[in-house]
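The values are calculated or read from the model by the stated rules, or taken from the named source; none is laboratory data. Not measured: the values here are computed from a predicted model. Virtual Cβ from ideal backbone geometry, glycine too; neighbours counted across all protein chains shown.
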Amino acid sequence: MGSDFIGPEELKTISSEFKISNTFNFRSSIPKVPFSVDYLEQINIKHDYILILGMPESSDGQKLTINKLRSIFGWQPDKSEPCFYSQDWYLNEKFANDQVLDFKWYLIKKNVTEDSRGKSPETIHNDLKMKEGFPSAILAAFTFFSYYLLNKGQILWAHDFIWCSDKDHNGDRVYIGRYVDPEKINKNGFNIHRHLVIRSCYGLAPQIL
C-alpha cells in the first residue's frame with residue numbers, strides 16, 4: 001500500500017512530532033492486521049484506502065483524544081502546521097474529550113465517495129454496503145495528522161467534509177475535514193463541525209415591515 005500504510009515503523013518516525021510512544025515499547029506485541037493480503041491488494045482498496053495502526057495514548061501517558069491532539073498541534077496556522085481550525089465548541093463534548101482509538105488496525109478511505117456527495121448522513125447510512133461505516137472523529141483526526149507528517153504535507157480531505165459516527169450531546173452528527181478553504185476566506189485548519197438538526201426550539205420571529 002506504499003505511503004497509505006501507517007504501521008509501527010511509520011509511527012515511530014513521527015513519534016516525537018506526534019507526541020506518541022514508540023509503538024514497539026507501547027505493547028509487548030503488535031496486533032495482527034485483520035484484513036487478508038488478497039483483500040488489501042484489490043485495486044479499489046490499495047489505491048483508495050489507508051491502513052493505519054491506532055494509538056490510544058500519548059507519550060506522557062494521557063489519553064490521545066481529539067482535545068489532546070489539539071493541544072499538541074495547536075490552532076494557529078501562522079505559527080505552525082498542520083493544526084486544528086480555531087474553534088472550541090467541542091472541547092467539553094465526550095467524543096472530543098473521552099474517545100480514543102483502540103490499539104488495532106483501521107482501514108479508512110482517503111477521499112469522499114463521489115455518489116455520497118450532497119446526501120444526508122441518514123441517506124448515506126441506508127446506502128452503506130456490508131462492513132462499511134462512518135469513521136469516528138478521532139480516527140479521522142489521527143489519520144489526517146499522521147498522513148500529513150509522513151507524506152510531506154499531503155492533505156487528506158483538503159476541500160471536503162466527511163461525516164463521522166459521533167454525535168454531540170444534542171444528537172447532532174459530527175463532520176470533519178476541509179483543511180483548506182477553497183474561497184481563501186478562512187485560515188487553514190482541521191475543521192470539526194456538527195450538523196444541526198432542526199428542533200422545536202428553532203423558529204421565526206418575524207419583523208413587521
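Applying the condition of being part of a loop (DSSP other than H, G, I, E, B) and modelled with pLDDT of 95 or more to region 173-186 and asking which residue is surrounded by the most Cβ atoms within 10 Å (Cβ to Cβ) yields Y179.
Among the residues of region 8-21 satisfying the criterion of being in contact (Cβ under 8 Å) with a residue 60 or more places away in the chain and farther than 12 Å from F103 by Cβ, which is surrounded by the fewest Cβ atoms within 10 Å (Cβ to Cβ)? So that I can check it myself, show each step before the final result.
Taking region 8-21 and keeping what is in contact (Cβ under 8 Å) with a residue 60 or more places away in the chain, we get 10-11, 13-14, 17-18.
Right, trim to farther than 12 Å from F103 by Cβ and you get 10, 13-14, 17-18.
Working: E10: 19, T13: 11, I14: 16, E17: 15, F18: 21.
The selected residue is T13.
Is it the case that region 130-144 has a residue that's in a loop (DSSP other than H, G, I, E, B) and of a type in the set (K, R)? Yes - at least one qualifying residue is present in region 130-144.
Only one of L107, L156 is under 21 Å from N186 (Cα atoms), out of contact with any Pro (no Cβ under 8 Å at 6 or more places or on another chain) and at pLDDT 95 or above. Can you tell me which? Step through it out loud before you land on a result.
Working: L107 fails: under 21 Å from N186 (Cα atoms).
Only one candidate passes the filter, namely L156.
Scanning region 1-26 for residues being among the aliphatic types (A, V, I, L, M), in a loop (DSSP other than H, G, I, E, B) and either within 22 Å of R70 (Cβ to Cβ) or in contact with a Phe, Trp or Tyr (Cβ under 6 Å, 6 or more places away or on another chain) (or both) gives a total of 1. With respect to (1) out of contact with any strand residue (DSSP E or B) (no Cβ under 9 Å at 6 or more places or on another chain); (2) part of a loop (DSSP other than H, G, I, E, B); (3) surrounded by fewer than 16 Cβ atoms within 10 Å (Cβ to Cβ), the lone exception for P31 is condition (1). For region 72-125, a tally of residues being free of Cβ contacts under 8 Å to residues at least 60 places away in the same chain, under 24 Å from I50 (Cβ atoms) and in a helix (DSSP H, G or I) returns 6. Would you check if there is a residue in region 172-185 being more than 19 Å from the chain's Cα centre (by Cα) and closer than 25 Å to N92 by Cα? No, because not a single residue in region 172-185 is more than 19 Å from the chain's Cα centre (by Cα) and closer than 25 Å to N92 by Cα.
Is it the case, given these coordinates, that W157 is in a loop (DSSP other than H, G, I, E, B) and buried (at least 20 other Cβ atoms within 10 Å of the Cβ)?
Working: in a loop (DSSP other than H, G, I, E, B): yes; buried (at least 20 other Cβ atoms within 10 Å of the Cβ): yes.
Spelling it out, W157 is indeed in a loop (DSSP other than H, G, I, E, B) and buried (at least 20 other Cβ atoms within 10 Å of the Cβ).
Does any residue of region 138-148 turn out to be closer than 20 Å to W75 by Cβ and touching a Cys at 6+ places or on another chain (Cβ under 7 Å)? Yes: one or more hits.
Only one of F24, F5 is surrounded by 16 or more Cβ atoms within 10 Å (Cβ to Cβ) and either of a type outside the set (K, R) or farther than 17 Å from K152 by Cβ (or both). Can you tell me which? Among F24, F5, only F5 is surrounded by 16 or more Cβ atoms within 10 Å (Cβ to Cβ) and either of a type outside the set (K, R) or farther than 17 Å from K152 by Cβ (or both). For K68, the conditions (1) farther than 25 Å from E93 by Cβ; (2) in a helix (DSSP H, G or I); (3) not aromatic (F, W, Y) all hold with the exception of (1).
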